[in-house]
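Below: one structure, written as structure tokens.
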Amino acid sequence: MSSIDLISITALVRKVQSDLPEIEAKMLNESHVEFVTPKEKIRDIVTLLTESVQMLFPESVIGIDLEEDKYEVIYMFWSHLNNFLCQVRVSLDGPDPSIETVSDIISGLEWHERETHEMYGIKFEGNPDLSLLLLPEELEGKYPLRKRFKTDRSRLAESGLPQPKPRPPKGGATE
């Protein structure tokens with residue numbers, strides 16, 4: 001197997017720009033590339049990357065709430081063999097953002113997509129299991145990493161944690 005060096009990374013960027021001109025490619029440094037893609041091209045870019053980069057492994061899927069029903073999903077891929085980091089950034093709009101799954105292209109992304117769905121409400125169309133992974137079923141409200149999620153003390157009761165005892169009044173007097 002041959003490793004991918006700086007020239008090969010540059011060739012990969014050129015290949016993406018040639019084959020998928022609607023995707024913006026940015027060299028962030030000699031071993032880190034970012035691709036900014038429309039959501040309709042997510043499967044195309046991930047397929048091209050898996051065919052072009054040896055031993056490409058999923059590192060994470062990151063959701064970002066940019067406010068006012070604007071979101072981003074960032075996929076991070078790493079090739080240990082080539083010491084190469086690749087991120088794919090996708091913008092999403094609307095109160096119910098969605099994107100096609102890529103978990104069938106790169107196994108190991110099922111849980112990353114599932115967690116991002118649970119925390120941000122981003123639906124990954126075609127993911128076989130978007131059920132809750134971390135949060136309790138009885139939690140009222142959804143998507144705790146969205147900026148509009150209420151995190152004040154009014155939500156403590158639904159957490160199942162013991163309620164805090166009232167503080168004694170100032171001055172040390174107790175009832």
For Glu68, the lone unmet condition from (1) exposed (fewer than 15 other Cβ atoms within 10 Å of the Cβ); (2) under 21 Å from Val16 (Cβ atoms) is (2)
Of the residues in region 117-128, how many are in contact with a helix residue (DSSP H, G or I) (Cβ under 8 Å, 6 or more places away or on another chain) and exposed (fewer than 13 other Cβ atoms within 10 Å of the Cβ)? 1
Index of the failed condition, Val102 passing every other in (1) in contact with a helix residue (DSSP H, G or I) (Cβ under 8 Å, 6 or more places away or on another chain); (2) part of a loop (DSSP other than H, G, I, E, B); (3) surrounded by fewer than 21 Cβ atoms within 10 Å (Cβ to Cβ): (3)
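Please enumerate the residues belonging to region 34-59 that are assigned to a strand (DSSP E or B) and touching a helix residue (DSSP H, G or I) at 6+ places or on another chain (Cβ under 6 Å).
The first filter runs over region 34-59 and keeps only residues assigned to a strand (DSSP E or B), leaving 34-37, 56-59.
Selection gives Phe35, Thr37, Leu56.
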Could you check, for region 137-151, whether at least one of its residues is surrounded by fewer than 19 Cβ atoms within 10 Å (Cβ to Cβ), free of Cβ contacts under 8 Å to residues at least 12 places away in the same chain and among the aromatic types (Phe, Trp, Tyr)? yes
Name the residue that is farthest from Glu113 (Cα to Cα), counting only residues in region 41-69 that are in contact with a Lys or Arg (Cβ under 8 Å, 6 or more places away or on another chain) and modelled with pLDDT under 90. Ser52
Can we say Ile74 is out of contact with any helix residue (DSSP H, G or I) (no Cβ under 8 Å at 6 or more places or on another chain), assigned to a strand (DSSP E or B), modelled with pLDDT of 95 or more and of a type in the set (A, V, I, L, M)? yes
Let me confirm something: among Val33, Val90, Val73, which residue is within 18 Å of the chain's Cα centre (by Cα), farther than 28 Å from Asp129 by Cβ and surrounded by 14 or more Cβ atoms within 10 Å (Cβ to Cβ)? Val33
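The values are calculated or read from the model by the stated rules, or taken from the named source; none is laboratory data. In this text the structure is predicted, and so the values were computed from the model without any measurement. All Cβ positions, glycine included, derive from the backbone under ideal geometry; neighbour counts span all protein chains shown.
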